[in-house]
């Protein structure tokens, strides 16, 4: 029979339209709120209005990605509730279509949406967020230090507009506080080279890098050996850790290579690995949101409690989101394996939703 396929296509269209409407509303609200907050943060700084608007626009795709599970949740609630109020759901059930068949179309759409977000939307959002991060560091936080990890080791920049130093190390220990095989290139300004230092190691201490077995040279290029050399710095261990590239600024396709480079350089990349696993689980997380929405929508919609649906959906979304934050924190601290921490929220939400659906399903 062709009518089940027609019915599922109809449900898929209704669900897709609901999700797109919800995520559009979320995007407008998020942009307005973030733009107001951005103007507040830059009120005491001489930042052009166009730069402020640009920063909010660059940040918006990442916010939309974070809000997408809630859009799927509320989109599923509204679409299922509308189908129930118009008795289309009741008619389909009377014709022998089970709740699982009815959900199949929405689950397929949710998986396709999640795949699109991870493989196509995420690289764009990560690139734009990386640009936002650089603008924020320059125009709001006034930070001059930056850290990057490549296959050739670590690169770190420190200093002010008057003097800067670019530090390269082949190996890193203690999350950036201990460097080995160090090269320091010093500048008096943006393009004014003043000298270089080669050292066997560098240790971050209070207000200085302590370089050992250092060869120091100036503009004349003549190296002078010093057993210990103190290089002033305003960096702290916390600042170095914060300068470590945020996983959300790295494309899904680039994360594996970045994780390998970071671990080879001596950094712990648990946070980035956890984020990468979370992206791989994202389509299943959206499916979990659909199942959670259906688990109480099919029952409450028949009782005519639209307001109850919104409240229940909000609570369910917050619970699942809180569970995701808890498991991520446990994964970053090593309490849980990162793969388990990334997949647990989706698995728990799917199992709970299926439990309620099995309880409600009678046909």
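The values are calculated or read from the model by the stated rules, or taken from the named source; none is laboratory data. Bear in mind the structure is a predicted one, so any value in this text is a computation, not a measurement. Note that we place each Cβ from the backbone using ideal geometry, even for glycine, and neighbour counts take in every protein chain shown.
Given the condition under 23 Å from residue 229 (Cβ atoms) and either outside the structural domain of residue 39 (by TED's automatic domain parsing) or at pLDDT below 85 (or both), answer yes or no: does some residue in the stretch 101-116 qualify? No - not one qualifying residue is present in the stretch 101-116. Checking the stretch 309-324 against the condition returns no match, with no residue being in contact with a helix residue (DSSP H, G or I) (Cβ under 8 Å, 6 or more places away or on another chain), at pLDDT 90 or above and assigned to a helix (DSSP H, G or I).
When residues in the stretch 200-233 are screened for being outside any strand (DSSP E or B) and surrounded by fewer than 16 Cβ atoms within 10 Å (Cβ to Cβ), 8 of them pass.
All conditions but one from (1) within 20 Å of residue 80 (Cβ to Cβ); (2) at pLDDT below 85 apply to residue 287; the one that does not is (2).
Only one of the numbered conditions (1) within 28 Å of residue 286 (Cβ to Cβ); (2) out of contact with any helix residue (DSSP H, G or I) (no Cβ under 9 Å at 6 or more places or on another chain) is violated by residue 68, and that is (2). Between 42, 16, which is over 22 Å from the mean Cα position of the chain (by Cα), more than 14 Å from residue 109 (Cα to Cα) and in contact (Cβ under 8 Å) with a residue 24 or more places away in the chain? 42 is the lone residue from the list that is over 22 Å from the mean Cα position of the chain (by Cα), more than 14 Å from residue 109 (Cα to Cα) and in contact (Cβ under 8 Å) with a residue 24 or more places away in the chain. For residue 97, the conditions (1) farther than 14 Å from residue 251 by Cβ; (2) touching a helix residue (DSSP H, G or I) at 6+ places or on another chain (Cβ under 7 Å); (3) modelled with pLDDT of 95 or more all hold with the exception of (3). Of the residues making up the stretch 250-288, those that are under 11 Å from the mean Cα position of the chain (by Cα) and closer than 19 Å to residue 71 by Cα number 2.
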